[in-house]
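The structure under discussion appears below in the form of structure tokens.
The values are calculated or read from the model by the stated rules, or taken from the named source; none is laboratory data. Predicted model, so just to flag it, every value in this text is computed and none were measured. When we count neighbours, we look across all protein chains shown, and the Cβ atoms used for this are built from the backbone with ideal geometry, even at glycine. These area figures cover heavy atoms from the full protein model, side chains too; ligands, DNA and RNA do not enter into them. Shrake-Rupley method; radii C 1.70, N 1.55, O 1.52, S 1.80 Å.
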Amino acid sequence: RIGLAKEAYKPSWSVDAGYGYRAGGRADFASVGLTFSVPLFAQGRQDRRLSAAMKERQAARLNRQSLLKDLERELDIALADWHELGRRLQLYEQAVTRRAHDAAQASLGSYADGRADFPEIIRDRLAVLDAELTYLDLQVDRAKTWAKLSYLAGDTHE
């Protein structure tokens, strides 16, 4: 657009030609036209067009930079989420689910010895299931975060 705005400072010219067929015994006609445009008193208008084109290009550049910053920020957030979810998965794998399983086994042993009641066994088994479901939810969230990271980083592998 800036190039077009700069072209407005230069003179332009054009040639037009035409032919007309007339019926009814009248003579056909031909015409030739030459147009020459010299930008004599249009300096202000051309300056405004050039200025507008330059401002439009600068706005597009700033808009692109802003978009890149937003994408970079999203990438940083997704990477932090990825690391945090990995830490939480490790915690669930090493501690929470193991402890829930150990508690369920202990309550089952206590029930067999007559020291625990049946609702306690059910509560402990539900705690195991809850821990396993939370672990699966964390895995799903981490997979979603990985997909977002791949998208933001521009990974083209399928």
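Take the solvent-accessible surface of the protein heavy atoms, probe 1.4 Å, and return the percent of it on region 1-153 that carbon and sulfur atoms account for. Here it works out to 56 percent. In region 82-130, inverting the average of 1/r over every pair of distinct C-alpha atoms gives 11.6 Å as the Kirkwood radius. Dividing the summed helix terms, -39500 (n - 2.57) for each DSSP H run of n ≥ 4, by the number of residues in the chain produces a 222 nm estimate of -24500 deg cm²/dmol to the nearest 500.
Expressed in whole Å with the largest first, what are the equivalent ellipsoid semi-axes of region 25-113 derived from the C-alpha gyration tensor as the square root of 5 times each eigenvalue? Provide the component values of the computation, followed by the final result.
On the way: eigenvalues 1327, 98, 10 Å².
Semi-axes (√(5λ), whole Å): 81, 22, 7.
Roughly what % of Cα-Cα distances in the chain sit above 29 Å, to the whole percent? Please report the intermediate quantities before stating the final value.
Numbers: 7987 of 12403 pairs.
The answer is 64 percent, as a whole percent.
So for the chain, if I pair up every lysine 8 or more residues apart or on another chain, how many of those pairs have alpha-carbons under 30 Å apart? Qualifying lysine pairs in the chain: 5.
For region 1-153, a crude dipole built from +1 on the beta carbon of Lys and Arg and -1 on the beta carbon of Asp and Glu, taken about the Cα centre, is about 1540 debye to the nearest 20. Once the C-beta distance of L149 and L67 is scaled by a Förster radius of 22 Å, the resulting FRET efficiency is 0.75 to the nearest 0.05. Using a Gaussian network model of the chain whose springs link C-alpha atoms within less than 10 Å, name the residue from A17, A116, A80 with the highest mean-square fluctuation. Checking each option, the largest mean-square fluctuation is seen for A17. Counting only protein heavy atoms and using a 1.4 Å probe, the accessible area of E84 comes to about 80 Å².
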